[in-house]
1. Restricting the search to the range 85-104, which residues are assigned to a helix (DSSP H, G or I) and open to solvent by 50 Å² or more (accessible area, probe 1.4 Å)?
2. Which ones in the range 116-145 are surrounded by fewer than 24 Cβ atoms within 10 Å (Cβ to Cβ), touching a Gly at 6+ places or on another chain (Cβ under 7 Å) and either among the hydrophobic types (A, V, I, L, M, F, W, C) or outside any helix (DSSP H, G or I) (or both)?
3. Can you tell me which residue is modelled with the highest pLDDT among those in the range 72-113 that are under 21 Å from the mean Cα position of the chain (by Cα) and of a type in the set (Lys, Arg)?
4. Return the residues of the range 146-155 that are among the hydrophobic types (A, V, I, L, M, F, W, C) and surrounded by 12 or more Cβ atoms within 10 Å (Cβ to Cβ); say none if nothing qualifies.
5. Residues that are exposed (fewer than 11 other Cβ atoms within 10 Å of the Cβ), part of a helix (DSSP H, G or I) and at pLDDT below 95: does the range 156-176 have at least one?
Amino acid sequence: MELSKPYKFSQSVVLAPLLAVLVIWTVFWAEVRFGINLNEYGIYPRTISGLKGIVLSPFIHGSVEHLYNNTVPLAVLSSFLFYFYRKAAFRVLLLGILLSGLITWVIGRPSYHIGASGVIYVLSSFIFFKGIFAKHYRLVALSLVVVFIYGSMIWYIFPIKEDISWEGHLAGFATGLLLALAIKVKVPLERKYEWEREDYSEDNDPFLKHFDENGNFIENRDEEGEGTVEVRYHYRPDKKD
């Protein structure tokens, strides 16, 4: 268990989200700048050629609105991941991309599925469920923050809009839950006071010994182990004498 500074700020908390955002915006800029369309590199379910989209689809977006809607959640959630779960962060990202992409490839409609929303659902699901399973007060609080900010995303794992890949969202949500169950993380030990320990005894508590059985304070009661203080003076003659 980590005892000292379990949640320490590191460069990855800033660099990882920044790199992710920079990559998806660079890819979109290249599409616009050179007049190309990379949608065919997305996930096309149940086809061999569509398998490449498992890795490539998170970096491809169909419009500025699509890109913008994914940018902020991706940056925020990846920052949470690298700050609170830094030792497991890369595993969660890598396995999340591969597994959610594979599930989308299996259950998706025959169309190109693109965008980082699947990864966003992986992160939100993992952070929420891991905090609940860990039962650590800071991680539970983080889970509640995720629910408060992004709780409305739960509706988009259902087919409520035709132009949204709800299959990718559902795959990401399920993947985050599976990773929260499978990946072990070190939870910092909570500091316990003396009276919270299992071997605590009121009879041996030095503070309570200052009170009698009726709760009255005993002013002159000697503490255990208290001894007399002996002061010794040493005389040194002055060299001038």
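1. Within the range 85-104, the subset assigned to a helix (DSSP H, G or I) is 89-104.
If the condition is that a residue be assigned to a helix (DSSP H, G or I) and open to solvent by 50 Å² or more (accessible area, probe 1.4 Å), then Phe90, Arg91, Leu94, Leu95, Leu98, Leu99, Leu102 are the ones that fit.
2. Phe129, Leu139, Val140, Leu142
3. Looking at residues that are under 21 Å from the mean Cα position of the chain (by Cα) and of a type in the set (Lys, Arg), I get Arg91.
4. At the first step, the residues of the range 146-155 found to be among the hydrophobic types (A, V, I, L, M, F, W, C) are 146-149, 153-155.
Of everything in the range 146-155, those that are among the hydrophobic types (A, V, I, L, M, F, W, C) and surrounded by 12 or more Cβ atoms within 10 Å (Cβ to Cβ) turn out to be Val146, Val147, Ile149, Met153, Ile154.
5. No: zero hits.
The values are calculated or read from the model by the stated rules, or taken from the named source; none is laboratory data. Note that this is a predicted model, so its numbers are computed, not measured. As a convention, Cβ positions derive from the backbone with ideal geometry for all residues, glycine included, and neighbour counts pool all protein chains shown. Ligands, DNA and RNA are stripped out before the accessible areas are found, and what is left, the full protein with its side chains, is counted by its heavy atoms. Shrake-Rupley method; radii C 1.70, N 1.55, O 1.52, S 1.80 Å.
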